């Protein structure tokens, strides 16, 4: 077992804490327990709370005019000021390439996320945004 070290009669996965480099051959991600879902209630500016390292935000299906941006707050106790938050559109969109999303800012316990309608018309879709935190100490 190349990636384990013997500790008596049991084995422990290799400890990478303090390592300068970590190589992954196939995938790197979060377990199901580290992920969650949340649905935005009132409108597209309503804050959501999801205290998980990764997850899915289903936005409210309120109308968003053409060429318009809207921002909301993700409250999340896992977020620290040194982190990187990755966001990706993952569903709830009838026509591809009609929205952009990005993180405006983050602080301890929260991030501000913006969704922009880049289409030529008003859209009323429950857009789904995936997120994952890359934690930096």
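Values in this text are rule-based calculations from the coordinates and carry no lab data. On a predicted model such as this, the values are computed, not experimentally measured, just so you know. Don't worry about glycine lacking a Cβ; one is built from the backbone with ideal geometry, like all the others, and counts go over all protein chains shown.
Of the residues in the range 40-57, none is more than 21 Å from residue 134 (Cβ to Cβ) and part of a strand (DSSP E or B). Test residue 36 against the stated conditions and say whether it is free of Cβ contacts under 8 Å to residues at least 24 places away in the same chain and in a strand (DSSP E or B). For residue 36, the condition - free of Cβ contacts under 8 Å to residues at least 24 places away in the same chain and in a strand (DSSP E or B) - is met. Taken over the range 79-102, the criterion of being surrounded by fewer than 16 Cβ atoms within 10 Å (Cβ to Cβ) and closer than 18 Å to residue 49 by Cβ is satisfied by 80 alone.
Condition first: out of contact with any helix residue (DSSP H, G or I) (no Cβ under 9 Å at 6 or more places or on another chain), at positive phi and without any contact (Cβ under 8 Å) to a residue 60 or more places away in the chain. Can you find one or more residues in the range 42-65 that meet it? Within the range 42-65, none of the residues are out of contact with any helix residue (DSSP H, G or I) (no Cβ under 9 Å at 6 or more places or on another chain), at positive phi and without any contact (Cβ under 8 Å) to a residue 60 or more places away in the chain.
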